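What follows is a single structure, written as structure tokens, with notes after it.
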Amino acid sequence: MDRIYMDYACTSYPKPDEVIRAMTDYMTRIGSNVSRSSYGTAYEAEEIVYDTRAMLCDLFHGPDVKNVIFTKNITESLNVLLKGLLKPGDHVLVSAMEHNAVMRPLNQIARELFPEAEQVSGDGSESEPEGLSENAESGLEKAITYTRIPCDTEGFLQTQEMEKLLCPQTRAVVMMTASNVSGTLMPLDAVGAFCRKHGLIFIVDSAQTAGAFDIDMEKSGISALAFTGHKGLLGPQGTGGFIITDELAGQMEPLISGGTGSFSHTEEVPEILPDRFEAGTLNLPGIAGLGAALKFLREKGTDRILAHERQMTQLFLDQIASLEESGCLKIAGPRTAAERSAVVSVCPQHMDPSQLAFRLEKEYGILTRVGLHCAPSAHKSLGTFPSGTVRFSFGWATTEEEIHAAAQALDKLCRK
Ligand SMILES: Cc1ncc(COP(=O)(O)O)c(C=O)c1O
């Protein structure tokens, strides 16, 4: 039985051959560090890192190559951004669909400031600032709090609610580009315009759309764009980063500090980018692989990848529609592929989701992801909490045959 990989939203597989070749070449032939030594292969490694930064800057319309910072994944990027930026008294707006990569650091810093305070476990609908229990409200001016912007049952952001949720302490909006549960796209331009109007910092988690959708920092008024290398960017695991405006970088403290190979006469953290946020040796084989992946995306065209993913998603939605009509399963999120990323989550009506995922693999070789997908609040909006969903997600190498096979397998397993 061939395996059918439908877990691209978790991590993309397969990777283009070019990625593997670039990593092998770095490991076998180059091997040197960057920004430290000064011989031929060290310069070659330097060039690979610079070119990868430049391609990322170009892809996301960043301010400058130096403003591209590498980390090991988007989770680390969001931690560096949130923990380096937020100060006591700050209030943040987030969507009710956010991943734990945003919510856990936010809750963590709220708790660190007030260890005695119990966290409020919001259901994603209330508009009171969350992050601390009521008994700590006397200290709210010293707390870091957040409010969730509600999303409807398909995951769409209720943008008309945003003005009402602002308070004098609101400093930033942190938002994903698309839900990893339902694929629902977030209105980046509208939120960016809202941030511009109110002078807010706009931090974006691009995990689910980078590599297929156009993300333009300048046009959407994004202050920091966090990215992960191993999903739609088609690079290896252990790569990621963020692109930041000079203005925001100037307001942040680095989370990690140490040797950078630059300014070695001083024991203070350098002011310049990217060094300020990039202490220690980088994941150089990973960056070489990511660079090759970005070249592959350029040559193939992200617009063509998006068109392919949309076609596969629509085909799948069409093929499983009758299962929903006959009450055998529910599809979470928007009805059309145009309104979502290449993610389709389903809730079987006569079976436990984990049993369905197990049988999909054992009987049909279909690999999906089951559960809450690190986004409990999203499931509360979608009405799929706490049972979760079985998530099918597609990518550049998904074929029509695979979609047919998955739809047929679902039919066999779910139809009563
Ligand atoms: C929306 C979103 N944000 C953040 C992450 C975390 O990504 P990583 O594990 O690469 O840090 C994911 C991963 O699934 C995601 O879907």
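The values are calculated or read from the model by the stated rules, or taken from the named source; none is laboratory data. Please read these numbers as outputs of a predicted model, since none were measured by experiment. We place every Cβ from the backbone using ideal geometry, glycine too, and count neighbours over all the protein chains shown.
Within this structure, Gly365 fails the test of being surrounded by 18 or more Cβ atoms within 10 Å (Cβ to Cβ) and at pLDDT 95 or above.
Every condition in (1) modelled with pLDDT of 95 or more; (2) out of contact with any Asp or Glu (no Cβ under 8 Å at 6 or more places or on another chain); (3) in a loop (DSSP other than H, G, I, E, B) is met by Leu273 except one, and the failing one is (2). Selection of first residues in the range 5-22 that are of a type outside the set (S, T, N, Q) and at pLDDT 95 or above and of second residues that are in a loop (DSSP other than H, G, I, E, B) and away from the ligand (no atom under 15 Å from the Cβ), restricted to Cβ pairs under 6 Å at least 6 apart or on distinct chains, gives the following pairs, ordered by first then second residue: Pro14/Ala397. Does Ala279 meet the test of being assigned by TED's automatic domain parsing to the domain that holds Asn33 and touching a residue at least 40 places away in the same chain (Cβ under 8 Å)? Spelling it out, it is not the case that Ala279 is assigned by TED's automatic domain parsing to the domain that holds Asn33 and touching a residue at least 40 places away in the same chain (Cβ under 8 Å). Scanning the range 225-238 for residues that are closer than 12 Å to Ile287 by Cα, buried (at least 24 other Cβ atoms within 10 Å of the Cβ) and within 9 Å of the ligand (Cβ to nearest atom) yields Thr228, Gly229, His230.
Give the range 147-201 a look and list any residue that's within 19 Å of Arg104 (Cα to Cα) and within 16 Å of the ligand (Cβ to nearest atom), or say none. Scanning the range 147-201 gives Arg148, Ile149, Val173, Val174, Met175, Met176, Thr177, Ala178, Ser179, Asn180, Val181.
Residues of the range 326-344 that are of a type in the set (D, E, K, R) and either touching a Pro at 6+ places or on another chain (Cβ under 8 Å) or without any contact (Cβ under 8 Å) to a residue 12 or more places away in the chain (or both): Arg340 alone.
Of the helices (runs of 4 or more DSSP H) contained entirely in the range 31-116, those carrying at least 2 residues that are within 15 Å of the ligand (Cβ to nearest atom) and either assigned by TED's automatic domain parsing to the domain that holds Phe202 or at pLDDT below 95 (or both) fall at 74-85, 100-113.
Within the range 151-166, the only residue that satisfies the criterion of being assigned to a helix (DSSP H, G or I) and hydroxyl-bearing (Ser, Thr, Tyr) is Thr159. Counting the residues of the range 377-398 that are free of Cβ contacts under 8 Å to residues at least 60 places away in the same chain and either of a type outside the set (Gly, Ala, Ser) or more than 16 Å from the ligand (Cβ to nearest atom) (or both) gives 4. Of all positions in the range 5-18, at least one carries a residue that is assigned to a strand (DSSP E or B) and within 29 Å of the chain's Cα centre (by Cα). Could you tell me how many of the residues in the range 341-395 are over 18 Å from Cys328 (Cα atoms), among the charged types (D, E, K, R) and outside any helix (DSSP H, G or I)? So the count comes out to 1. Only one entry of Leu410, Leu360, Leu382 meets the criterion of being out of contact with any Ser or Thr (no Cβ under 7 Å at 6 or more places or on another chain), of a type in the set (A, V, I, L, M) and surrounded by 14 or more Cβ atoms within 10 Å (Cβ to Cβ), and that entry is Leu410. Take Gln237 and decide whether it is assigned to a loop (DSSP other than H, G, I, E, B) and either of a type in the set (Phe, Trp, Tyr) or closer than 23 Å to Gly183 by Cα (or both). Spelling it out, Gln237 is indeed assigned to a loop (DSSP other than H, G, I, E, B) and either of a type in the set (Phe, Trp, Tyr) or closer than 23 Å to Gly183 by Cα (or both). Pairing residues of the range 345-362 that are at pLDDT below 95 with residues that are surrounded by fewer than 16 Cβ atoms within 10 Å (Cβ to Cβ) and not small (Gly, Ala, Ser), at Cβ distances under 6 Å and at least 6 apart in sequence or on separate chains, gives His350/Lys416. Residues that are under 18 Å from Thr260 (Cβ atoms) and under 18 Å from the mean Cα position of the chain (by Cα) within the range 37-76 comprise Val68, Ile69, Phe70, Thr71, Lys72, Glu76, listed in sequence order.
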